[in-house]
Structures are given as structure tokens and as C-alpha cells.
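J.: Quick one: structure below, then a few questions.
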Amino acid sequence: MVEKAGLLKDAQSRMVDIFDRLGASSDVCRRLEQPRRVHQAAILVRMDDGSLEAFPAWRVQYDATRGPGKGGIRFHPNVNEDEVATLAFWMTLKCAVVDLPFSGAKGGIQVDPKTLSLLELERLSRGYVRAFFDVLGPDRDIPAPDVNTNDVVIGWMADEYSEIARRQVPCAITGKPLGVGGSLGRVASTGRGALEVLDIWIKRQGKRPEDMTIAVQGFGNAGYHFAQLAHEAGYRVVALSDSGGAVFSEGGLDPTPIWRHKNESRELRSMVYCDSSVCEEADMDVLENDELLALDVDVLALAAMENAITHDNVDRVRAGAILEIANGPVTSSADQRLEERGITVIPDVLANAGGVIVSHMEWVQNRTGDYWPEQVVNERLAERLVREANLCFDRAEKEDTSPRTAAYLQCVERIARAMESRGTQSYFTDR
Ligand code: NAD
């Protein structure tokens with residue numbers, strides 16, 4: 001069992017009030033207070049110099065009530081059991097918030113992928129599938145990309161799964177490249193979903209994209225697509241950051257040339273010092289990463305990692321609202337403080353659900369063999385988010401509570417209903 005400390009403990013602390021408000025049965029509380037299964041492995045990789053390295057890896061299946069497990073695989077030096085279990089817990093909630101027939105799972109390898117050669121990375125990715133093959137599968141647990149695992153990594157993993165299974169099993173993993181059963185629209189889906197949820201929220205406030213400024217922390221897969229789509233929709237994206245630094249322009253930034261440059265130079269900071277026309281036109285300044293978090297903008301979009309806003313820096317936040325594109329970027333104590341200060345937080349379980357929604361569509365397309373145009377994928381994504389986000393925002397208004405509390409009430413109600421259908425204590429005691 002996972003040691004109840006750190007991230008999971010903090011994440012679980014939000015549940016006390018939710019169980020209380022819903023009058024949840026002890027069965028529901030007991031089932032959600034710990035992961036069902038924690039799998040751990042040491043992945044042995046032959047390095048290019050001939051040495052053998054061992055990388056700690058995990059797959060956590062938090063719950064299995066509403067369907068097979070679903071959740072990404074993260075490659076990062078800070079990955080540990082507590083983090084993977086917490087991310088699996090949030091996946092459980094997220095799948096239920098947007099009413100997908102999945103339960104929550106997550107995986108990770110403790111590694112700095114930037115220190116590996118491409119071949120070492122491929123051996124490690126394939127090693128993950130070999131280590132956890134027996135507990136994965138289209139009806140058991142379906143992995144997907146997360147931090148530092150793009151479609152190339154997922155392509156190797158999908159190939160390894162099919163090699164071991166000795167047949168094509170495209171629905172065993174999502175986020176695949178298009179040539180091996182990936183879905184159109186998957187790459188941009190997390191960012192697109194986040195923008196969709198923001199659009200729904202600002203419309204309800206009677207505001208327009210043209211009136212809004214945005215700062216984005218984290219310029220990776222989720223952050224870039226969100227920033228680009230927001231820019232196209234008329235929002236003014238004034239600041240962007242990655243782990244190396246931040247750039248700012250009062251007049252607004254165009255994310256695509258910056259993304260292209262970053263992928264060539266691998267550093268956002270270098271944008272400001274290059275002599276291309278993009279830099280001259282954009283008139284950018286360099287910021288420290290923590291300065292971006294304190295900008296006076298309408299929306300601060302957090303798309304990097306957990307714990308970006310904590311008790312220590314929460315009072316420096318000047319944004320009107322926070323959009324949680326990353327998982328768990330605001331700690332529970334910071335959350336309370338933001339609520340006291342009247343700063344709305346649009347929670348991760350809703351704001352970043354676009355990725356898993358389109359992953360579900362990829363799984364459905366793989367199972368039926370019927371592949372949809374990108375427009376259909378994007379329309380279905382929008383349709384689901386309009387329905388589920390409005391349910392959350394309506395509930396928040398009606399019950400005079402935060403969007404996070406409303407989203408948690410929505411998902412725990414659904415999970416509890418499924419648990420009750422499978423049999424709870426009340427079956428024995430209420431007869
Ligand atoms: P990614 O690896 O593509 O990008 C992460 C970005 O964050 C990188 O640009 C990195 O440099 C930056 N970063 C890291 N630490 C930072 C810091 N202290 N300050 C500023 N920038 C920092 O990862 P991603 O897939 O975009 O995932 C980002 C977040 O979104 C994670 O929390 C992930 O769990 C969540 N998420 C991703 C998806 C998805 O489909 N990719 C889906 C749901 C949730």
C-alpha cells in the first residue's frame with residue numbers, strides 16, 4: 001500500500017468535504033481512499049556503452065469500478081510511487097467528471113529522458129511494456145502519453161505490445177501515431193479541451209476572448225496547443241514559459257513560431273536573443289519563471305507540473321482566474337487561499353479532460369475499425385465538454401461553491417452509483 005504522505009495525502013484531503021456533502025457510504029470512502037493495485041518494476045536497459053542500468057517504474061490502477069483503467073505514462077526524474085498513485089487517483093475522478101467508461105490508472109518511469117540516446121529511450125519504452133504487459137490491455141488498463149512521452153514513444157510501446165501479444169492490438173494503448181491506429185485530433189486534444197472549457201466559462205461570465213489576457217506556464221504538448229488555439233480564437237497570450245525560462249510581450253505572442261524555434265534551439269529563452277524577424281516583431285522580454293506566475297493577467301494557465309502554486313507563492317498570484325491544464329498544479333491549501341481571495345480555479349479534472357476524451361475516441365475507433373475525420377473528433381470533444389462543463393458550472397452556482405467542488409461532487413456521485421450497483425454494505429444492512 002502507498003505510504004499516505006505527500007501528494008496523495010494532499011489530494012485526498014479534498015475528499016473529506018465531498019464525502020460529507022454527498023453523505024457517501026463507508027464503502028465508497030473505503031474504496032476511494034487507496035489504490036486497488038500498485039505494480040512496481042525495475043526496467044533493465046542495456047546502454048549504448050554496454051553497461052546495464054536499472055530504472056524504477058510503476059503502474060498504478062487506482063480503481064476499477066466504471067471500466068478498464070486509463071492513464072498516461074510519465075518519464076521524469078521525480079517520478080515516484082506517491083506521484084503515480086496520485087495521478088491515477090485524479091484520472092479516476094477525471095474519467096467520471098466527463099462520464100467516460102473508464103477507471104483511473106497511471107504509469108511512470110523515474111528517468112531523465114534527455115540524458116538518453118534515442119536507442120536507449122526506445123529500449124526503455126519497450127521495457128516498460130514488457131514489465132507490465134500482464135496487467136495492461138484493452139479491457140484492463142490502457143496507457144497513453146504524459147510528460148515526456150510523445151507519439152514516438154507511444155508508437156514503440158504499441159509495437160512492443162503487439163509483438164508480445166503476437167497480433168495487432170491497437171486499442172491496448174492510445175496517443176499512437178496516425179499510421180498505427182492513432183486518432184486525428186489526439187495530439188492537440190488536451191489543449192483544445194482546455195480552451196473549450198475556458199470558452200464555456202468566460203461566456204457564462206459575459207466576457208469575450210478579445211477582452212482576455214493569458215499567461216501560460218509550461219510550453220509542452222498541452223501548453224503549446226492551448227496557447228496556439230487560444231491565440232487563434234482571439235485571446236491575447238502575453239507570456240509563455242518552459243523549464244528553462246519565460247518570455248513576455250504586452251502586445252501578445254504568436255505561439256507557433258516560438259514553438260518552432262524552441263524545437264530547433266530547445267530553449268524558449270533563446271527566442272529573445274536570436275536575430276530572426278519573429279523576435280524583432282514580437283518585441284519580447286525575458287522573465288523569471290516565478291515572475292510569470294505573478295503577472296496581472298485575466299487567466300493564468302498552468303500547463304507544467306504539480307504544485308506550481310503552493311502556500312508559499314499563492315499570495316503573489318494576481319491573475320483573475322486559474323486554468324489548471326496540468327494535473328494538480330495548485331495544492332489544497334493554496335486552493336483555499338485562492339477561493340478566499342475570489343480567484344476562480346477551473347480544475348484539472350475538467351480543464352485537461354480533452355486528452356482522455358479523445359483517447360476514448362481512439363479506443364472506440366480501434367475497436368470498431370471505423371476511423372473518423374478530425375472535424376468529427378473535435379465536434380464530439382466539444383459536445384461532451386459543453387455538456388459536462390455546464391453541469392459542473394451550473395452546480396457550482398446553484399450550490400454556491402467552487403468549480404472544483406462541483407466537479408468532485410459530479411464525479412464522486414457517478415462513481416458511488418457504480419459502486420452501489422456492484423453491491424455495498426447497504427445491501428446487507430438496509431433490508
Ligand atoms: P510536456 O513534457 O510536453 O510539457 C511540459 C512542459 O512544462 C515543458 O515545456 C517543460 O519545459 C515545462 N515545465 C516543466 N517545469 C516547469 C516549470 N517549473 N516552469 C515552467 N515550465 C515548466 O508535458 P505535457 O504532456 O504537455 O503535460 C503537461 C501537464 O499536462 C502535466 O501535468 C500532464 O500530466 C498534464 N496533462 C497532459 C495531457 C496530455 O495529453 N499530454 C493530458 C492531460 C494532462
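J.: Among the candidates Gly245, Gly220, Gly252, which residue alone is on the phi > 0 side of the Ramachandran plot and open to solvent by 10 Å² or more (accessible area, probe 1.4 Å)? Talk me through it step by step, then tell me what you get.
T.: Numbers: Gly245 fails: open to solvent by 10 Å² or more (accessible area, probe 1.4 Å); Gly220 fails: on the phi > 0 side of the Ramachandran plot.
When all the criteria are applied, what remains is Gly252.
J.: Right, here's the next one. How many residues does region 155-205 contain that are open to solvent by less than 50 Å² (accessible area, probe 1.4 Å), at negative phi and outside any helix (DSSP H, G or I)?
T.: Final tally of qualifying residues: 9.
J.: Going through Ala24, Ala42 one at a time, which residue ends up being open to solvent by 40 Å² or more (accessible area, probe 1.4 Å) and either away from the ligand (no atom under 16 Å from the Cβ) or under 20 Å from Gln410 (Cβ atoms) (or both)? Steps first, answer last, please.
T.: On the way: Ala24 fails: open to solvent by 40 Å² or more (accessible area, probe 1.4 Å).
None of the other options fit; the residue is Ala42.
J.: Hey, among the residues in region 283-296 that are open to solvent by 10 Å² or more (accessible area, probe 1.4 Å) and within 25 Å of Asp199 (Cβ to Cβ), which one's nearest to the ligand (Cβ to nearest atom)?
T.: Out of the qualifying residues, it is Leu293.
J.: Quick one: is Leu87 closer than 21 Å to Arg414 by Cβ, open to solvent by less than 50 Å² (accessible area, probe 1.4 Å) and not in a strand (DSSP E or B)?
T.: Values: closer than 21 Å to Arg414 by Cβ: yes; open to solvent by less than 50 Å² (accessible area, probe 1.4 Å): yes; not in a strand (DSSP E or B): yes.
So Leu87 fits the description; yes.
J.: May I pose another question? List the pairs whose first member sits in region 215-226 and is near the ligand (Cβ under 8 Å from one of its atoms), whose second member is part of a helix (DSSP H, G or I), and whose Cβ atoms are under 6 Å apart, counting only residues at least 6 apart or on separate chains?
T.: Gln217/Leu292; Ala222/Thr190; Ala222/Gly191; Tyr224/Trp259
J.: Looking only at region 364-383, which residues are open to solvent by less than 30 Å² (accessible area, probe 1.4 Å) and either on the phi > 0 side of the Ramachandran plot or within 16 Å of the ligand (Cβ to nearest atom) (or both)? Please lay out each step first, then the result.
T.: First, the residues of region 364-383 that are open to solvent by less than 30 Å² (accessible area, probe 1.4 Å): 365-366, 377, 381-382.
If the condition is that a residue be open to solvent by less than 30 Å² (accessible area, probe 1.4 Å) and either on the phi > 0 side of the Ramachandran plot or within 16 Å of the ligand (Cβ to nearest atom) (or both), then Val377, Leu381 are the ones that fit.
J.: How about region 318-362: which of its residues are in contact with a Ser or Thr (Cβ under 7 Å, 6 or more places away or on another chain), more than 9 Å from the ligand (Cβ to nearest atom), not in a helix (DSSP H, G or I) and not aliphatic (A, V, I, L, M)?
T.: Thr331
The values are calculated or read from the model by the stated rules, or taken from the named source; none is laboratory data. Since the structure is predicted, the reported quantities are computational estimates derived from the model, not experimental observations. When we count neighbours, we look across all protein chains shown, and the Cβ atoms used for this are built from the backbone with ideal geometry, even at glycine. These area figures cover heavy atoms from the full protein model, side chains too; ligands, DNA and RNA do not enter into them. Shrake-Rupley method; radii C 1.70, N 1.55, O 1.52, S 1.80 Å.
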